Amino acid sequence: MHSSSNFIITGGAGFIGSNLTLALQEKFPEARLTVIDDFRSGDFKNLAGYRGDFVGQNLATLNWREQFADDTFDAIFHLASITDTTNHDQFEQVHDNVESFRQILNFARATKTRIIYASSAATYGPATEASVESNGPAPANVYAFSKVIMDNIARRAAAESPDWPIVGLRYFNVYGPREAHKGVPASMVYHLSRQMKAGQRPRIFKHGEQKRDFVYVKDVVEGSIRALDAQASGIYNLGSGQARSFNELVDVLNKCLGTNFQPDYIDNPHAHYQNFTQADLMNACNALGYKPQFPLEEGVRDYMQWLYPG
Ligand SMILES: NC(=O)c1ccc[n+]([C@@H]2O[C@H](COP(=O)([O-])OP(=O)(O)OC[C@H]3O[C@@H](n4cnc5c(N)ncnc54)[C@H](O)[C@@H]3O)[C@@H](O)[C@H]2O)c1
């Protein structure tokens, strides 16, 4: 059905964006794909095997009409964003993240081109139980604030044009292939595995009982592709649906890597730390048919085989 489609993927040189781009290429071999990225955190190496077009541009200032003239698209996947949550430059975070999205909304409005964009679990702020999309936002940093504003303008645009599908996806704590370029902001699954592979005890914050909804990138890519068929606009959680502790993660890594390390507990320097994240998946299941296939044990196993082959 989408086989000869024309898709744009912003942030396609990044972690989730490159996995999504390569999955779209495999699923729809006849589709025309165009990635837009300015490489501020992405890397061309993530797109090994990519056969599509690439526009090297900063989306906060890109003139879409000039760039694409009368070309029309079946969907725009918008994943580009500053993703370093410790970047506290309030102007840069809000300007680049929100204005990039606003340009896309303005470009897509006339043709009602479907938009599927990355929001974040960070919009929920501190939680003690599974987060539901209708919970009010409580951004604890300016990155999360920029995502809340994106959700606000997406809702407003969708309300003004009910037949224009705009789907926001609140990714939880994603891990998997093609994230190493992120450096410090890469997932804890990645960082702990590197420490353990180097023969070191995995360093986690005291006392390892903080819980996260760790979700495998293959699951969020599948959920993002399912958003192509969503009938209506909406904002949906994409997670694993499970909250697992860092101590459990170390156990799972020990099993996958054949090691037996005890965690090295260190003081947590962060004043505003998310002690708990978990996605309520009811709405994503109903609207997108999303059903994650990789519990932590399966996702980490698959990932470790990719990261450390042989
Ligand atoms: N990884 C996670 O756990 C997670 C969780 C929640 C939400 N998200 C969201 O998912 C999306 C993808 O994140 P990721 O983990 O793949 O991060 P990433 O940093 O690997 O990818 C982001 C990409 O966007 C590009 N980019 C950033 N600003 C740009 C701009 N103004 N113009 C052009 N390109 C720009 C970067 O160069 C990079 O390639 C982001 O929107 C992020 O906020 C990720």
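The values are calculated or read from the model by the stated rules, or taken from the named source; none is laboratory data. Keep in mind the model is a prediction, meaning the values are calculated, not measured. So basically every Cβ, Gly included, is an ideal-geometry build from the backbone, and we count neighbours across all protein chains shown. For accessibility, only protein heavy atoms count, side chains too; no ligands or nucleic acids. Shrake-Rupley method; radii C 1.70, N 1.55, O 1.52, S 1.80 Å.
When the residues of the stretch 15-31 are filtered to those that are small (Gly, Ala, Ser) and open to solvent by 10 Å² or more (accessible area, probe 1.4 Å), which remaining residue is farthest from the ligand (Cβ to nearest atom)? Let's see the steps before the verdict.
Taking the stretch 15-31 and keeping what is small (Gly, Ala, Ser), we get 17-18, 23, 31.
Now restrict to residues that are open to solvent by 10 Å² or more (accessible area, probe 1.4 Å): 23, 31.
Details: ALA23: 13, ALA31: 20 Å.
Residue satisfying both the conditions and the ranking: ALA31.
Within the stretch 1-14, which residues are in a loop (DSSP other than H, G, I, E, B) and either within 12 Å of the ligand (Cβ to nearest atom) or hydrophobic (A, V, I, L, M, F, W, C) (or both)? Please lay out each step first, then the result.
Filtering the stretch 1-14 for residues in a loop (DSSP other than H, G, I, E, B) gives 1-5, 11-14.
Hits for the stretch 1-14 are MET1, GLY11, GLY12, ALA13, GLY14.
Please go through the stretch 96-139 and pick out each residue that is within 14 Å of the ligand (Cβ to nearest atom), out of contact with any helix residue (DSSP H, G or I) (no Cβ under 7 Å at 6 or more places or on another chain) and open to solvent by 20 Å² or more (accessible area, probe 1.4 Å).
Those that are within 14 Å of the ligand (Cβ to nearest atom), out of contact with any helix residue (DSSP H, G or I) (no Cβ under 7 Å at 6 or more places or on another chain) and open to solvent by 20 Å² or more (accessible area, probe 1.4 Å): ASP96, GLU99.
Any residue at all in the stretch 53-67 that's more than 10 Å from the ligand (Cβ to nearest atom) and either among the small types (Gly, Ala, Ser) or on the phi > 0 side of the Ramachandran plot (or both)? Break it down into steps so the answer makes sense when it comes.
The first filter runs over the stretch 53-67 and keeps only residues more than 10 Å from the ligand (Cβ to nearest atom), leaving 53-54, 63-67.
Then keep just the ones that are either among the small types (Gly, Ala, Ser) or on the phi > 0 side of the Ramachandran plot (or both); that gives none.
The answer is no; no qualifying residue exists.
I need a count of the residues in the stretch 29-54 that are part of a strand (DSSP E or B) and among the basic types (Lys, Arg). Don't jump to the end; show me each part of the working.
Looking only at the stretch 29-54, we keep the residues that are part of a strand (DSSP E or B), and these are 32-37, 53-54.
With among the basic types (Lys, Arg) added as a condition, the list becomes 32.
Residues that pass the stated criteria total 1.
I'm trying to understand the selection: among the residues of the stretch 1-14, which are within 21 Å of LEU169 (Cα to Cα) and open to solvent by 20 Å² or more (accessible area, probe 1.4 Å)?
HIS2
Please find, within the stretch 82-110, the residue that is nearest to GLY17 (Cα to Cα) out of those that are in contact with a Leu (Cβ under 9 Å, 6 or more places away or on another chain) and of a type in the set (S, T, N, Q).
Result: SER100.
Condition check: in a helix (DSSP H, G or I), open to solvent by 20 Å² or more (accessible area, probe 1.4 Å) and of a type outside the set (Ser, Thr, Tyr). Does PHE91 satisfy that?
Numbers: in a helix (DSSP H, G or I): yes; open to solvent by 20 Å² or more (accessible area, probe 1.4 Å): yes; of a type outside the set (Ser, Thr, Tyr): yes.
Here the answer is yes, as PHE91 does meet what is asked.
Is it true that some residue in the stretch 68-82 is near the ligand (Cβ under 10 Å from one of its atoms), open to solvent by 50 Å² or more (accessible area, probe 1.4 Å) and outside any helix (DSSP H, G or I)?
Scanning the stretch 68-82 turns up no residue that is near the ligand (Cβ under 10 Å from one of its atoms), open to solvent by 50 Å² or more (accessible area, probe 1.4 Å) and outside any helix (DSSP H, G or I).
Quick one: which strands (runs of 3 or more DSSP E) sit completely within the stretch 181-300 and have at least 2 residues that are in contact with a Cys (Cβ under 8 Å, 6 or more places away or on another chain) and open to solvent by 50 Å² or more (accessible area, probe 1.4 Å)?
Details: elements: 203-205, 214-216, 234-238, 264-266.
Counting at least 2 such residues, we get no strands (runs of 3 or more DSSP E) at all.
Output the residue which, of all residues in the stretch 43-52 that are touching a residue at least 24 places away in the same chain (Cβ under 8 Å) and surrounded by fewer than 20 Cβ atoms within 10 Å (Cβ to Cβ), is nearest to the ligand (Cβ to nearest atom).
Step one: list which residues in the stretch 43-52 are touching a residue at least 24 places away in the same chain (Cβ under 8 Å), which gives 43-47, 49-52.
Imposing the further condition that a residue be surrounded by fewer than 20 Cβ atoms within 10 Å (Cβ to Cβ) reduces the set to 43-45, 49-52.
Values: ASP43: 7, PHE44: 10, LYS45: 11, GLY49: 17, TYR50: 13, ARG51: 19, GLY52: 15 Å.
It comes out as ASP43.
For the stretch 84-122, give me each residue that is among the polar types (S, T, N, Q) and under 16 Å from ILE36 (Cα atoms). Explain how you work it out, then say what you get.
To start, the set of residues in the stretch 84-122 that are among the polar types (S, T, N, Q) comprises 85-87, 90, 93, 97, 100, 103, 106, 111, 113, 119-120.
Across the stretch 84-122, the qualifying residues are ASN97, SER100, GLN103.
Look at THR85 and say whether it is within 9 Å of the ligand (Cβ to nearest atom) and either assigned to a loop (DSSP other than H, G, I, E, B) or touching a Lys or Arg at 6+ places or on another chain (Cβ under 8 Å) (or both).
Values: within 9 Å of the ligand (Cβ to nearest atom): yes; either assigned to a loop (DSSP other than H, G, I, E, B) or touching a Lys or Arg at 6+ places or on another chain (Cβ under 8 Å) (or both): yes.
The answer is yes for THR85.
Identify, from the list HIS95, HIS88, the residue that is over 17 Å from the mean Cα position of the chain (by Cα) and modelled with pLDDT under 95. Walk me through how you get there before you give the answer.
On the way: HIS95 fails: modelled with pLDDT under 95.
The match here is HIS88.
Could you pull out the residue among ILE266, ILE204, ILE235 that is of a type in the set (A, V, I, L, M, F, W, C) and within 30 Å of ALA75 (Cα to Cα)? Talk me through it step by step, then tell me what you get.
Values: ILE266 fails: within 30 Å of ALA75 (Cα to Cα); ILE204 fails: within 30 Å of ALA75 (Cα to Cα).
Every option except ILE235 fails the conditions.
Taking interchain pairs and intrachain pairs at least six residues apart, which have beta carbon atoms under 8 angstrom, with the first residue in the stretch 21-42 and under 19 Å from ASP84 (Cα atoms) and the second β-branched (Val, Ile, Thr) and open to solvent by 20 Å² or more (accessible area, probe 1.4 Å)?
Pairs that qualify, where the first residue is under 19 Å from ASP84 (Cα atoms) and the partner is β-branched (Val, Ile, Thr) and open to solvent by 20 Å² or more (accessible area, probe 1.4 Å), are SER41/THR83.
If you check PHE73, PHE54, PHE44, which single one turns out to be within 26 Å of ASN173 (Cα to Cα) and modelled with pLDDT of 95 or more? Full working, then the answer.
Details: PHE73 fails: within 26 Å of ASN173 (Cα to Cα); PHE54 fails: within 26 Å of ASN173 (Cα to Cα).
Going through PHE73, PHE54, PHE44 in turn, just one is within 26 Å of ASN173 (Cα to Cα) and modelled with pLDDT of 95 or more: PHE44.
Looking only at the stretch 105-123, how many residues end up being within 18 Å of the chain's Cα centre (by Cα) and part of a helix (DSSP H, G or I)?
Qualifying residue count, the stretch 105-123: 3.
Using the structure shown, decide if GLY168 is modelled with pLDDT of 95 or more, within 21 Å of GLN210 (Cα to Cα), more than 8 Å from the ligand (Cβ to nearest atom) and open to solvent by less than 20 Å² (accessible area, probe 1.4 Å).
Numbers: modelled with pLDDT of 95 or more: yes; within 21 Å of GLN210 (Cα to Cα): no; more than 8 Å from the ligand (Cβ to nearest atom): yes; open to solvent by less than 20 Å² (accessible area, probe 1.4 Å): yes.
No, not satisfied.
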